[in-house]
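Heads up: the structure comes next, in structure tokens.
The values are calculated or read from the model by the stated rules, or taken from the named source; none is laboratory data. Keep in mind the model is a prediction, meaning the values are calculated, not measured. So basically every Cβ, Gly included, is an ideal-geometry build from the backbone, and we count neighbours across all protein chains shown. Quick note on the areas: whole protein, heavy atoms, side chains included, nothing else; ligands and nucleic acids left out. Shrake-Rupley method; radii C 1.70, N 1.55, O 1.52, S 1.80 Å.
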Amino acid sequence: MARTRRPLIAGNWKMNGLKADALALAKDVAAGVSQAGWSDREVLVCPPATLVAAVADATKGSGLLAGGQNCHAKASGAHTGDVSAEMLKDAGASHVIVGHSERRADCGETDAIVRAKAEAAWRAGLLPIVCIGETLAEREAGKTLAVLESQLKGSVPAGSTAAKLVVAYEPVWAIGTGKTPTTPEVAAAHAHIRKVLGGLMAEAAGVRLLYGGSVKGSNAAELLAAGDVDGALVGGASLNAAEFLAIAKAA
Ligand code: PGA
């Protein structure tokens, strides 16, 4: 029997936020999470690395979790400008996003690099959110499911379990564009992801699969109701506390 998958609503602030505004946003989200007292879902915000510690400290005890947006595969060393999973953990993070399409595109992150980062997250005691998703050209060429399959096979580490892995399906063309796939398209992608995971690990039925790409308060309920969707990875809308809380409420 499939184990229960507790929905995860994750905010990806990307490269946005200076201390004063970011802490105000985090505190507003934390207040909403604390007031709601949700035990049936998890709510996470991933601020820029400079603010993880401050956000984690300012929201401690509220039930809101803090995470990183990226980590290096190594624990420490001569990697100027990088942040390790251990450093994120030390700052108060519980999760880390790895392989976001912006990093795959901007920083040349390959599946192998993403996989090493997910393993680094485990080493540090963080839960990796592994991102995959097709480009518009790939979708138009009918390659969506094949692309997802190859990204999963390359990015998901051996030894994955339901408790150690979250996968986020984010069509590249839906990120920050206001466009989303239809609910059946999301359901088809997620069903395929779960099937592919089934060939890679024993506990595929328990892995949480998030949808990401232009999720907002007004479309969250519909997207989250699609088959095999266990939460959302939210960019732009996570920068507004009321909007982000509305998405969390819809979960
Ligand atoms: P968006 O971004 O919600 O602004 O489309 C999602 C993401 O990139 O994680």
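List of remarks:
- Restricting attention to the stretch 213-235, the residues that are surrounded by fewer than 18 Cβ atoms within 10 Å (Cβ to Cβ) and either under 15 Å from the mean Cα position of the chain (by Cα) or aliphatic (A, V, I, L, M) (or both) total 2.
- Single residue of the stretch 1-39 satisfying the filter (touching a Gly at 6+ places or on another chain (Cβ under 9 Å) and charged (D, E, K, R)) that is most open to solvent (accessible area, probe 1.4 Å): Arg3
- Odd one out for Ala168, checked against (1) of a type in the set (A, V, I, L, M, F, W, C); (2) open to solvent by less than 50 Å² (accessible area, probe 1.4 Å); (3) away from the ligand (no atom under 16 Å from the Cβ); (4) under 18 Å from the mean Cα position of the chain (by Cα): (3)
- Residue selection: Ala163 fails the criterion of being open to solvent by 10 Å² or more (accessible area, probe 1.4 Å), more than 16 Å from the ligand (Cβ to nearest atom), more than 15 Å from the chain's Cα centre (by Cα) and of a type in the set (A, V, I, L, M).
- The stretch 75-124, residues that are among the acidic types (Asp, Glu), more than 18 Å from Val166 (Cβ to Cβ) and more than 16 Å from the ligand (Cβ to nearest atom): Asp82, Glu86, Asp90
- Tabulated pairs, the stretch 42-63, first within 13 Å of Gly17 (Cβ to Cβ), second in a loop (DSSP other than H, G, I, E, B) and open to solvent by less than 10 Å² (accessible area, probe 1.4 Å), C-beta under 7 angstrom, 6+ apart or interchain: Val45/Trp13; Cys46/Trp13; Pro47/Trp13; Pro48/Trp13; Val52/Ala93; Val55/Pro47
- Sub-7 Å Cβ pairs linking a first residue in the stretch 71-100 that is without any contact (Cβ under 8 Å) to a residue 24 or more places away in the chain to a second residue that is open to solvent by less than 30 Å² (accessible area, probe 1.4 Å), at least 6 apart or interchain, are Ser76/Ser84, ordered by first then second residue.
- Scan of the stretch 206-239 for residues that are over 20 Å from His100 (Cβ atoms) and assigned to a loop (DSSP other than H, G, I, E, B), ordered by number: Ala226, Gly227, Asp228
- When Leu65, Leu127, Leu136 are checked against the criterion of being open to solvent by 40 Å² or more (accessible area, probe 1.4 Å) and within 16 Å of Val166 (Cα to Cα), Leu65 stands alone in meeting it.
- Any hit, the stretch 194-201, residues being of a type outside the set (Asp, Glu), under 22 Å from Glu140 (Cβ atoms) and within 16 Å of the ligand (Cβ to nearest atom): no
- Residue, surrounded by the fewest Cβ atoms within 10 Å (Cβ to Cβ), within the stretch 68-86, restricted to residues that are under 24 Å from Val234 (Cα atoms) and in contact with a Ser or Thr (Cβ under 8 Å, 6 or more places away or on another chain): His72
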